[in-house]
1. Can you find a residue in segment 104-119 that is more than 28 Å from ARG218 (Cβ to Cβ) and of a type in the set (Asp, Glu)?
2. Identify all residues within segment 352-364 that are more than 24 Å from ALA207 (Cα to Cα) and loosely packed, with under 14 Cβ neighbours inside 10 Å; write none if there are none.
3. Here are some residues: LEU278, LEU254. Which one is open to solvent by less than 50 Å² (accessible area, probe 1.4 Å), touching a helix residue (DSSP H, G or I) at 6+ places or on another chain (Cβ under 9 Å) and either part of a strand (DSSP E or B) or within 27 Å of VAL377 (Cα to Cα) (or both)?
4. Looking only at segment 157-177, count how many residues are out of contact with any helix residue (DSSP H, G or I) (no Cβ under 6 Å at 6 or more places or on another chain) and under 13 Å from LEU145 (Cβ atoms).
5. Return the residues of segment 365-380 that are closer than 20 Å to ALA348 by Cα, open to solvent by less than 30 Å² (accessible area, probe 1.4 Å) and not aliphatic (A, V, I, L, M); say none if nothing qualifies.
6. What number goes with the only condition from (1) in contact (Cβ under 8 Å) with a residue 40 or more places away in the chain; (2) outside any helix (DSSP H, G or I); (3) surrounded by fewer than 23 Cβ atoms within 10 Å (Cβ to Cβ) that ALA86 does not pass?
7. Just to be sure I understand, how many residues within segment 313-347 are in a helix (DSSP H, G or I) and modelled with pLDDT under 90?
Amino acid sequence: MQTVYLDNNATTRPAPEVVEAMMPFMTDLWGNPSSMHAFGGQVAKHVEAARATVADFLGAERPEEIVFNGCATEGDNHALFGVAAAWGKPGTIITSRVEHPAVLGPCLRLREMGHNVIEIGVDGEGLFDMAAYEAALAANPGPKLVSVMWANNETGVLFPIRRIAELGKAAGATVHTDAVQAAGKAPIDLRQVPVDLLTIAGHKMHAPKGIGALYIRRGTRIKPYVIGGHQERGRRGGTENVPYIVAMGKAAELAQTALTDGTEARIARLRDKLEAGLLATCPDSRVNGSRTQRVPNTLNISFEYIEGESVLYHLSDRGICASSGSACAAGSLEPSHVIRAMGVPFTAVHGSIRFSLSRYTTEEEIDYVLRHCPEVVAEMRALSPFVKH
């Protein structure tokens, strides 16, 4: 049976070039980069080379603004708790209602600690409510942190981060963006976008799981989150994960090339083919999120009157890997907070499926999905009590 992997917003296949780049640091070059001797020092040079590559990929002013860490969740926690700790008193955190749990979870904890947390909504296309955001900035004159994602992980919808950052900075806020789903799919240039903090994850751009980075613009007031050593210039304790840092550097290099060599345009064409084919062959289906302001690899589609989880199980039986906008929580099927925030109709809110492509996705794989997915949807609807038979 053929396997078609269309769950790349969850994790990506490590690129062969990335695996090759990291292997010497798991065999011969295994020294501690913080050691004073030459054996460790030669390893440290590769860590700094990777840091420079990631900085260039993001358009950072200097490599020292990149702090390597364990994952994007750690980076988001560092940004939120680190800035709040630097305040030394309660402040206001402005975020969106559709953030990843790596941001919403810390915001909940910060609210419990006495901070004022404001969640900005989205419209029916998943687009950020700029008017509500401007009102929130104006109504809260004290210390403020803005944390708004660059691209949504479920719908792929892009937020106007440059304008969000400009308004936030004008209001005296520190601005953070979770750019995990944007990195490698949309151009990022921190010389043009005045955010203070930005989070990325290696495994969303063809590096292994277990490596991430937090960009900290020079002059940003932030406390360390992981404490215990002098590594990363005192901003993140713990021995550097050298093989994975090197891997992330290589992944950033490949991602930069993919943005300019037509790779992302090819992915968008395949995504659009999948979208058009499913809409044409599956009646009562709808795309969730803007169809113009989104990253090129993501399609979130609802099949009305059926459960997305059931569709996923049957797609998996046919070798097709995707994900659902619904999640099992406390023994009951709850619709995604992103889909609910968009006001998706009741008949479609449980039936959302996310297909996310990568540079390794082929046209033959899309054709395979277009042959099998409509069959699954028809089978599920034949059993649905909500469909007139």
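1. Yes, the conditions are met somewhere in segment 104-119.
2. Going through segment 352-364, the residues more than 24 Å from ALA207 (Cα to Cα) turn out to be 352-353, 364.
GLU364, the sole residue that qualifies.
3. Of LEU278, LEU254, the one residue that is open to solvent by less than 50 Å² (accessible area, probe 1.4 Å), touching a helix residue (DSSP H, G or I) at 6+ places or on another chain (Cβ under 9 Å) and either part of a strand (DSSP E or B) or within 27 Å of VAL377 (Cα to Cα) (or both) is LEU278.
4. 6
5. CYS373, PRO374, listed by residue number.
6. Single failed check for ALA86: (2).
7. Adding up the residues that qualify gives 2.
Yes/no per residue for (1) within 22 Å of the chain's Cα centre (by Cα); (2) of a type in the set (Lys, Arg):
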{"site": "VAL146", "(1), (2)": "yes, no"}
{"site": "PRO160", "(1), (2)": "yes, no"}
{"site": "ARG163", "(1), (2)": "yes, yes"}
{"site": "ALA173", "(1), (2)": "no, no"}
{"site": "LYS185", "(1), (2)": "yes, yes"}
{"site": "LEU198", "(1), (2)": "yes, no"}
{"site": "ALA207", "(1), (2)": "yes, no"}
{"site": "TYR215", "(1), (2)": "yes, no"}
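The values are calculated or read from the model by the stated rules, or taken from the named source; none is laboratory data. All of these numbers come straight from a predicted model, not from anything done at the bench. Because the Cβ atoms are built from the backbone with ideal geometry, glycine has one as well, and the counts that use them run over all protein chains shown. All accessible areas refer to the heavy atoms of the entire protein, side chains included, with ligands and DNA or RNA removed. Shrake-Rupley method; radii C 1.70, N 1.55, O 1.52, S 1.80 Å.
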